[in-house]
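Below is one structure, written out as structure tokens; comments come after it.
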Amino acid sequence: MRYYFAPMEGVTDSVYRRLHHQYFGGVDRYYMPFLSPTMHRTLSHKEDRELPVADTLPFVAIPQILTRSAEDFLWAAQVCRDRGYEEVNLNTGCPSGTVVAKGKGAGMLRSTDELDRFLDTIFKDSPIPISVKTRLGLAEPGEFPALLEVFNRYPIRELTVHPRVRKQFYQGDVDMEMFRYAAANSRNPLCYNGDLNSRQDCEQIAAEFPQIGAVMLGRWLVADPGMLLPGGTDVQVLEQFHDALLEEYLVLFGGSRNAMFRLKENWSFLLARFEDSEKLAKRLRKTTDLGEYRAIAAEIFHTCKLK
């Protein structure tokens, strides 16, 4: 079984990926938060920073592209190839309202005809292999068989299926019956994504779907960064990881405000793993003082038991 780290905008940036690999590891591929090309066909400063030359990375990273324009996708795919990447991932699953309203992400699942035309163009001309991340549909799981029929027409390197529809976002149960349909009917290799909150959950998927070669983890791996290690997450290593993130963000963002803001996004997942942390969590979320932030974080690590 291969383990992939899902792309999470505002959390799993280039600093996070590098330090996670350094302090924890266990991940076979890190998928990058999406690159969204525009008509100007240039990378922003942030996009350029987040897309380093592949050979400079000590791990496998996969760029993800979010667009409804086949021409823009092909331009971005060429940029990724020029920087040494061996695969790009098409995002047809992002449930964000602003993304879907523009026909991107899960908005691409609205019309199978439009999706088919898009895929036809990019698979004819892409300079690099393409994987796809998708959901079951916009509103109803019953939309998925027709979508899978479209995906089956193309040589997708790997199809990652999150078995929820867009309107669920990340709430409610995953639809395992529809994932079983995918496992039985997909002509492309599959990866499972959704509600994997422990190594045991991953092993259960592997046992139930022996034909599935990979699983993708997101929120729960941020909450438990050492989940994939034999000994799990060690709180001392977690503190070192957090402190290293803070120091690098202070330099990257040129000050404490944005560095703390970025790490508070991380804490929104981590805090659920610490027992009796509610009062400290409230103080952590409210503080704007770097010294106080450091002290509260240290108190959480040293006094709250890791679940």
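The values are calculated or read from the model by the stated rules, or taken from the named source; none is laboratory data. From a predicted model like this one, the values you see are computed outputs, not experimental measurements. FYI the Cβ positions are ideal-geometry reconstructions off the backbone, even for glycines, and counts take in every protein chain you see. Just the protein is used for accessible areas: all its heavy atoms, side chains included, with ligands, DNA and RNA removed. Shrake-Rupley method; radii C 1.70, N 1.55, O 1.52, S 1.80 Å.
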Test Tyr85 against the criterion of being hydroxyl-bearing (Ser, Thr, Tyr), under 27 Å from Val165 (Cα atoms) and surrounded by 17 or more Cβ atoms within 10 Å (Cβ to Cβ), and give yes or no.
no
Report whether or not Ala77 is free of Cβ contacts under 8 Å to residues at least 40 places away in the same chain and of a type in the set (Gly, Ala, Ser).
no
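Looking at Gln211, Gln240, Gln204, which is the one that is of a type in the set (S, T, N, Q), open to solvent by 70 Å² or more (accessible area, probe 1.4 Å), within 30 Å of Val161 (Cα to Cα) and in a helix (DSSP H, G or I)? Outline the logic, then answer.
Working: Gln211 fails: in a helix (DSSP H, G or I); Gln240 fails: within 30 Å of Val161 (Cα to Cα).
Going through Gln211, Gln240, Gln204 in turn, just one is of a type in the set (S, T, N, Q), open to solvent by 70 Å² or more (accessible area, probe 1.4 Å), within 30 Å of Val161 (Cα to Cα) and in a helix (DSSP H, G or I): Gln204.
Pick from the range 263-286 the residues that are basic (Lys, Arg) and over 20 Å from Val237 (Cβ atoms): which of them is most open to solvent (accessible area, probe 1.4 Å)?
Within the range 263-286, the first condition is being basic (Lys, Arg), and the residues that meet it are 264, 273, 279, 282-283, 285-286.
From what's left, over 20 Å from Val237 (Cβ atoms): 264, 279, 282-283, 285-286.
Working: Lys264: 49, Lys279: 173, Lys282: 125, Arg283: 110, Arg285: 148, Lys286: 147 Å².
Within the range 263-286, the match that is most open to solvent (accessible area, probe 1.4 Å) is Lys279.
Could you look through the range 1-21, keep only residues that are open to solvent by 20 Å² or more (accessible area, probe 1.4 Å) and farther than 22 Å from Cys202 by Cβ, and pick out the one that is nearest to the chain's Cα centre (by Cα)? Steps first, please.
Initially, the range 1-21 is screened for residues open to solvent by 20 Å² or more (accessible area, probe 1.4 Å), giving 1-3, 7-10, 14, 18, 21.
Remaining after also requiring farther than 22 Å from Cys202 by Cβ: 9-10, 14, 18.
Values: Glu9: 8, Gly10: 10, Ser14: 12, Arg18: 15 Å.
Top of the filtered list is Glu9.
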So for the range 9-24 (the condition being of a type in the set (Phe, Trp, Tyr) and touching a strand residue (DSSP E or B) at 6+ places or on another chain (Cβ under 8 Å)), does at least one residue qualify?
no
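Among the listed residues Ala207, Ala214, Ala182, identify the single one that is out of contact with any strand residue (DSSP E or B) (no Cβ under 6 Å at 6 or more places or on another chain) and aliphatic (A, V, I, L, M).
From the options Ala207, Ala214, Ala182, the qualifying one is Ala207.
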For the range 49-74, name all the residues that are touching a Lys or Arg at 6+ places or on another chain (Cβ under 6 Å) and assigned to a strand (DSSP E or B).
Ile62
Could you tell me how many of the residues in the range 168-183 are assigned to a helix (DSSP H, G or I) and open to solvent by less than 80 Å² (accessible area, probe 1.4 Å)?
6
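Conditions tested, residue by residue: (1) out of contact with any strand residue (DSSP E or B) (no Cβ under 8 Å at 6 or more places or on another chain); (2) of a type in the set (A, V, I, L, M, F, W, C); (3) at pLDDT 95 or above.
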site	(1), (2), (3)
Cys94	yes, yes, yes
Lys104	no, no, yes
Leu109	no, yes, yes
Leu119	yes, yes, yes
Lys124	yes, no, yes
Ala139	yes, yes, yes
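Could you please let me know if Ile128 is at pLDDT 95 or above and within 17 Å of Phe34 (Cα to Cα)? Don't jump to the end; show me each part of the working.
Values: at pLDDT 95 or above: yes; within 17 Å of Phe34 (Cα to Cα): yes.
Yes, satisfied.
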Given the criteria over 18 Å from the mean Cα position of the chain (by Cα) and open to solvent by 10 Å² or more (accessible area, probe 1.4 Å), does Gly103 qualify?
yes
Considering only the range 63-73, I want to know if a residue exists there that is polar (S, T, N, Q), open to solvent by 10 Å² or more (accessible area, probe 1.4 Å) and within 19 Å of Val222 (Cβ to Cβ).
no
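Of everything in the range 248-262, what is part of a helix (DSSP H, G or I) and surrounded by fewer than 13 Cβ atoms within 10 Å (Cβ to Cβ)? Give them in sequence order.
Within the range 248-262, the subset part of a helix (DSSP H, G or I) is 248-252, 256-262.
Result: Val251, Arg257.
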